[in-house]
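The structure appears below as structure tokens.
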Amino acid sequence: MIVVMDRVAVAGAGVSGLTCGVSFAERGYPTAIFAEETGRQTTSGAAGALWFPYDAMPPEKVIPWALQTFDTLVDLARVPASGVSMIELRQFSRSGKIQIPDWAIPLGACVIPSKVAESRAFTSGFSVIIPLMDTTIYLDYLADRFVAAGGEINANVHFEKLEDVDSKFDLVINCAGIGARELVQDFELEPHRGQVAIISKVDNLSCAIVCDDPPLMYAIPRRNDCVFGGTNDLSDNLAPDPATTDRIVAECSRVLHIDKPRVHAERVGLRPYRKSGVRLERDRLRDGRTVIHNYGHGGSGFTLSWGCAGDVARIVG
Ligand SMILES: Cc1cc2nc3c(=O)[nH]c(=O)nc-3n(C[C@H](O)[C@H](O)[C@H](O)COP(=O)(O)OP(=O)(O)OC[C@H]3O[C@@H](n4cnc5c(N)ncnc54)[C@H](O)[C@@H]3O)c2cc1C
């Protein structure tokens, strides 16, 4: 018996689109990705990108998706070419005693002793080992894996509406991130703007230091450089603000007890935060084709990527 697989078109080539693309192509579906920008040019290319549930709703869906993704990323950390590694995250608070989230306890999270050097800048913190995706490697790895499974990537394609996807595709997966605001007129989406500075590797920094209390601060060592952050403001402005970069670098340097480093690059991205929660559901286009929406992951697109891609595949059956 010959099984004819649906042809699948994925709109979007950030972490959500690439992960869904890999998931469908490796299941044997003829799959093509279409996107205005791909991989490192997207919001995903500006991310930290630590595994950590942050700025995404609702928790009862976000945490299970995150934990499924965690397991897949632990496996990928054994593949050096993936750019995924396991790293100690030190998560700090600026006021009172930090609460270890329930989901972090089974992962081995523990309170950070006050003698740890960075603790002096904060009031308390917890530590947990989590996956880190080096976006300078991981997004290319996903794209290469997709192509190796027979997938096709089409860049510089702008859709006004999803019905513009070539009618030879039976199924459309919408992974447009903040672009879904215009693409499917979803005004539940808010641009949570984030700015980061890329600097050289910092001597002796082998763990990620994060504080989500204002001013938001993080220092994330990657294979060849280090990401200093950050910001989270309601704004569509994609231009880096030099004064913000100065503020980020000053705060990270203060916490790490280092001289202010030279900034190699600044990146800005719009976290696709959706007020009513991540949209992962089946719908119908005006021409009758099935669309699965998978967008609105806010500050957790990497953290939810494999869990959400798995649910998209389950919806299709
Ligand atoms: C500074 C910063 C730090 C972050 N840190 C983390 C972190 O540590 N961990 C984490 O999990 N997440 C983090 N995030 C959040 C994460 O980056 C996002 O959740 C994630 O990138 C969303 O991925 P996506 O693939 O859904 O969207 P995007 O990466 O935005 O990709 C959307 C894709 O759709 C395409 N597209 C949009 N509209 C159209 C259209 N009309 N026609 C054709 N193509 C279109 C775009 O070109 C692009 O290819 C961070 C974000 C920022 C900005």
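The values are calculated or read from the model by the stated rules, or taken from the named source; none is laboratory data. Nothing here was measured: the structure is a model prediction, and the numbers come from that model. All Cβ positions, even for glycine, are placed from backbone atoms using ideal geometry, and neighbour counts span all protein chains on display.
Things to note:
- Unmet requirement for residue 218, which otherwise passes all of (1) out of contact with any helix residue (DSSP H, G or I) (no Cβ under 8 Å at 6 or more places or on another chain); (2) closer than 22 Å to residue 95 by Cα; (3) touching a residue at least 60 places away in the same chain (Cβ under 8 Å); (4) not polar (S, T, N, Q): (1)
- The combined condition, being part of a strand (DSSP E or B) and hydroxyl-bearing (Ser, Thr, Tyr), is not fulfilled by residue 95.
- Restricting region 145-183 to residues that are within 9 Å of the ligand (Cβ to nearest atom) and of a type in the set (Val, Ile, Thr) leaves a set whose member that is farthest from residue 275 (Cα to Cα) is 157.
- The residue that is surrounded by the fewest Cβ atoms within 10 Å (Cβ to Cβ), among those in region 106-128 that are of a type in the set (S, T, N, Q) and in contact (Cβ under 8 Å) with a residue 24 or more places away in the chain, is 123.
- Residue that is surrounded by the fewest Cβ atoms within 10 Å (Cβ to Cβ) [pool: residues in region 217-235 that are part of a loop (DSSP other than H, G, I, E, B) and either within 12 Å of the ligand (Cβ to nearest atom) or among the aromatic types (Phe, Trp, Tyr) (or both)]: 235
- All positions within region 168-190 that are surrounded by fewer than 23 Cβ atoms within 10 Å (Cβ to Cβ), more than 18 Å from residue 284 (Cβ to Cβ) and among the hydrophobic types (A, V, I, L, M, F, W, C): 187
- Odd one out for residue 199, checked against (1) buried (at least 18 other Cβ atoms within 10 Å of the Cβ); (2) of a type in the set (Val, Ile, Thr); (3) over 20 Å from residue 44 (Cα atoms): (3)
- Residue check, residue 238 over 20 Å from residue 188 (Cβ atoms), more than 9 Å from the ligand (Cβ to nearest atom) and modelled with pLDDT of 95 or more: yes
- Condition check for residue 281: at pLDDT 95 or above, acidic (Asp, Glu), within 11 Å of the ligand (Cβ to nearest atom) and outside any helix (DSSP H, G or I): no
- Pairs where the first residue, in region 35-52, is under 21 Å from residue 77 (Cα atoms) and the second is at pLDDT 95 or above and of a type in the set (Asp, Glu), C-beta under 6 Å, 6+ apart: none
- Any hit, region 203-216, residues being more than 9 Å from the ligand (Cβ to nearest atom) and over 27 Å from residue 99 (Cβ atoms): yes
- Qualifying residue in region 80-88 (condition: at pLDDT 95 or above, more than 18 Å from residue 220 (Cα to Cα) and surrounded by 14 or more Cβ atoms within 10 Å (Cβ to Cβ)): no
- Cross-chain or 6+ apart pairs with Cβ under 8 Å, region 186-211 first and within 25 Å of residue 125 (Cα to Cα) and of a type in the set (S, T, N, Q), then at pLDDT 95 or above and part of a strand (DSSP E or B): 195/229; 195/266; 195/267; 195/268; 206/87; 206/88; 206/221
- Residues of region 10-60 satisfying the condition of being of a type outside the set (Ser, Thr, Tyr), over 25 Å from residue 231 (Cα atoms), assigned to a helix (DSSP H, G or I) and away from the ligand (no atom under 12 Å from the Cβ): 22, 24, 25, 26, 60
- Exclusive hit being assigned to a loop (DSSP other than H, G, I, E, B), in contact with an Asp or Glu (Cβ under 9 Å, 6 or more places away or on another chain) and more than 29 Å from residue 164 (Cβ to Cβ), set 240, 214, 261: 240
- Of the residues making up region 284-311, those that are basic (Lys, Arg) and assigned to a loop (DSSP other than H, G, I, E, B) are 286, 289.
- So residue 293, is it farther than 20 Å from residue 138 by Cα and more than 14 Å from the ligand (Cβ to nearest atom): no
- The numbered conditions (1) at negative phi; (2) surrounded by fewer than 13 Cβ atoms within 10 Å (Cβ to Cβ); (3) at pLDDT 95 or above are all true for residue 214 except (3).
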